Amino acid sequence: MDQENSSTFTHQISARIRLVTVPNNDIPHLHKLITQMANYHNLTEYLTVTETSLSNTLFKSPPFHSFTALILEVSPNPFPITPHKDLSFNPIIKNNFNLKASMLDPQSNTFRSENDVYVAGHVLVFPSYNGFFEKPGLNMDQIFVRKCYRGLGFGKMLFSAVASVAAKMGMGMVDWVVADWNGESIKFYEKMGAYYVSDYRLYKLYGEKLQQCANISG
Amino acid sequence: MAEKVSFDTQISGRVRIATESDVPHLHKLMYQMAKYHDYTKVFNATEASISTNLFNSNNPCPPFYSVTTFILEVSPDTFPQKTTKNSIFDPILKTINLDSPILDPELELFNTDEHNNVFVAGYVLFFPSYSGYFEKPGFFIENMYVRECYRKYGFGKMLFSAVASQAVKMGFTKVDWLTVGWNNNAIDFYLGMGAYIMGDVKRFRLSGEGLDAFATSDRGC
């Protein structure tokens, strides 16, 4: 274990969820989190995302009108609650949460955001719309908390952040997919009040087959 | 005039980008599609909601970077081959010869203009989908529908390949969508188009009361 790269939280931990913004070191951290999530799903060989592609797709439109990322940060110290100019998303802060036992972040240096602030998770969303329904929705593409920070309610905090944005923006639903084998996540989502949309299969067209289909159209 | 129109020996199809004037027809098509899926009880779209969601003048996104709809029109006459300068999408045209006549029982309802022989026959609604894993976005097809009397003539393929070709043109790497398990016609169609079934994922949704519960939730729970 790399002692220099790690940090220990002894009694308390504070958390903050905020929008990923430019310019700072959010993008490299987000890329690392995405890579960890790909590992979790055994999808590393399919990764084509780069820091550049993230920068290119994340900041084209106002928050929640296109691809949007929220980042979860933790710290042994409380986060300042400062009024924010950009009211499209006020940071969600939960300070001084008591820990039952001390915990170790073995990669804290890799994920250091500011002095005592470490990036711990993320969520990626984009808007959706089904013509059957009066209100549009949000599609949650990814939600992830780094392993050492699980079991502390941060997943619930990230999920609630997305759900409350959707509810407050007058959206009708939040949709996402979860792997069949991911029993833990499925249980979590059901606890959050979500339901399985049964009998639907996800289809995909890509690569050569996409090209062939495109050529029909001319 | 519409009663005198018939598709005897040929039918022409045109896929073009929808405009706000298409909303009443879109609303009818969406309702028909909901009926096909036995969803009329949950269908609550109105012409106003469709206008707002599809044709919001305050939309900050460039063309195709938010929800887009293509309309399928048919006519016994050939569509003029004109391209307008700076159009964001050049219509796709096709004419096919018929072995037997087509009867459209709703011809008048879907006539775009009483002075022409053009009738709305279907639509496809799609939006960019983003994946944190991939470099480029894709398109997610949320709705695709061809009215019953116009099926099996290749119009579904025309609509679907219009989205696929727009994806390729923009450097997008995939098109995804959902299909219900019992819809064998659709499944055969999609497999014929070269689609893959992503069998090992479950779709989850938070809506209704479950979603409302978060509207006044204590931030950070």
Taking every C-alpha to C-alpha distance in segment B:67-180 and binning by 5 Å from 0, the per-bin percentages run 2, 10, 19, 21, 18, 13, 9, 5, 2, 1, 0
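If you place +1 on the Cβ of every Lys and Arg and -1 on the Cβ of every Asp and Glu, how big does the dipole about the Cα centre of the protein assembly as shown come out, in debye to the nearest 20? Don't jump to the answer; show the numbers that get you there.
Working: 39 positive and 42 negative charges, 159 e Å.
Around 760 debye, computed over the protein assembly as shown.
Sort largest first and round to whole Å: the equivalent ellipsoid semi-axes of segment B:16-70, each the square root of five times a Cα gyration tensor eigenvalue.
Numbers: eigenvalues 99, 25, 22 Å².
For segment B:16-70, the semi-axes come out at 22, 11, 11 Å.
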Hey, if you put +1 on the Cβ of every Lys and Arg and -1 on every Asp and Glu Cβ in the protein assembly as shown, which of B:F64, A:V174, A:Q142 ends up farthest toward the positive end of that dipole?
-> A:Q142
Express in whole angstrom the spacing between the alpha-carbon centres of segment B:82-123 and segment A:108-127.
-> 52
Once normalised by the length of segment A:84-218, the mean sequence separation of its alpha carbon contacts under 8 Å that are 6 or more apart gives a contact order in percent of 16
Each label sits 7 Å from Cα toward the beta-carbon; between B:E135 and B:L93 the label points are separated, in nm, by 3.7
Here FRET efficiency (C-beta to C-beta, A:N182 to B:T216, R₀ 22 Å, nearest 0.05) is 0.15
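With the Cα gyration tensor of segment A:5-126 giving a ≥ b ≥ c as the square roots of its eigenvalues, does the rule (a/c under 1.5 for rounded; else a/b larger than b/c for prolate; else oblate) give rounded, prolate or oblate? Mind showing how you got there, number by number?
On the way: a/c = 2.18, a/b = 1.22, b/c = 1.78.
The shape class here is oblate.
Placing unit charges on C-beta atoms (Lys and Arg positive, Asp and Glu negative, everything else neutral), compute the dipole magnitude of chain B about its Cα centre in debye, rounded to 20. Show your work: numbers first, answer last.
Details: 20 positive and 24 negative charges, 139 e Å.
In total the dipole reaches around 660 debye.
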Phi angles of segment A:176-185, converted by Karplus (6.51 cos²θ - 1.76 cosθ + 1.60, θ = phi - 60°) into ³J(HN,Hα) in whole Hz with x for Gly and Pro, give 6, 10, 9, 5, 3, 7, 8, x, 4, 5
Most fluctuating residue of A:L158, A:L33, A:L43 in a GNM of chain A with Cα springs under 10 Å: which is it?
-> A:L43
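Nothing charged except the Cβ atoms of Lys and Arg (+1) and of Asp and Glu (-1): what's the magnitude of the dipole of segment A:127-188 about its Cα centre? Round to the nearest 20 debye.
Taking the Cα centre of segment A:127-188 as origin, the dipole is about 340 debye.
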Under-5 Å amide H pairs with B:K94, H placed in peptide plane, nonlocal only = B:G13
Scan segment B:162-220 for chymotrypsin sites (Phe, Trp or Tyr not before Pro) in coil per DSSP, keeping those whose Cβ has at most 14 other Cβ atoms within 10 Å, and list them by number.
-> B:W182
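Over all residues in A:119-132, what is the mean tally of Cβ atoms on other chains that come within 10 Å of each residue's Cβ?
Values: counts 0, 0, 0, 1, 1, 4, 1, 8, 6, 5, 13, 11, 20, 13.
Per residue, the average neighbour count from other chains is 6.
Partner chain Cβ atoms within 10 Å, averaged over the residues of B:13-24 - can you pull that number for me?
On the way: counts 0, 0, 1, 0, 0, 0, 0, 0, 0, 0, 0, 0.
Counting Cβ atoms of other protein chains within 10 Å of each residue's Cβ and averaging gives 0.
Could you work out the relative contact order of segment B:1-95, using alpha carbon pairs under 8 angstrom and six or more residues apart, expressed as a whole percent? The partial results should precede the final answer.
Details: 88 pairs, mean separation 52.7, N = 95.
The normalised contact order for segment B:1-95 reaches 55 percent.
Average projected area of the Cα convex hull of segment A:104-218, in nm²? Intermediate results must be reported in sequence, preceding the final value.
Working: hull surface 45.9 nm².
Over all viewing directions, segment A:104-218 projects a mean Cα-hull area of 11.5 nm².
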Tell me which lysines have Cα within less than 18 Å of B:K28's Cα, excluding those fewer than 8 residues away on the same chain?
-> A:K135, B:K41
Work out the charge dipole of chain A with +1 on the Cβ of Lys and Arg and -1 on the Cβ of Asp and Glu about the Cα centre, then indicate which of A:I81, A:L54, A:I27 is farthest towards its positive end.
-> A:I81
Inter-probe distance in nm under a simple model that places probes 7 Å from Cα toward Cβ, at B:T9 and B:I102 = 1.7
Put +1 on the Cβ of every Lys and Arg and -1 on every Asp and Glu Cβ in segment A:132-218; which of A:F188, A:Q212, A:L152 then has its Cα farthest towards the positive end of the dipole?
-> A:L152
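Considering every residue in B:160-168, what mean count of other chain Cβ atoms within 10 Å of its Cβ is obtained?
Numbers: counts 4, 7, 5, 4, 10, 8, 2, 6, 6.
Shielding by partners across B:160-168 averages 6.
Computed from the coordinates by the stated procedures, all read-outs in this text should not be read as laboratory data. Note that the structure is predicted; figures quoted are calculated from it, not measured. Positions of Cβ are backbone-derived with ideal geometry, glycine not excepted, and every protein chain shown enters the neighbour counts.
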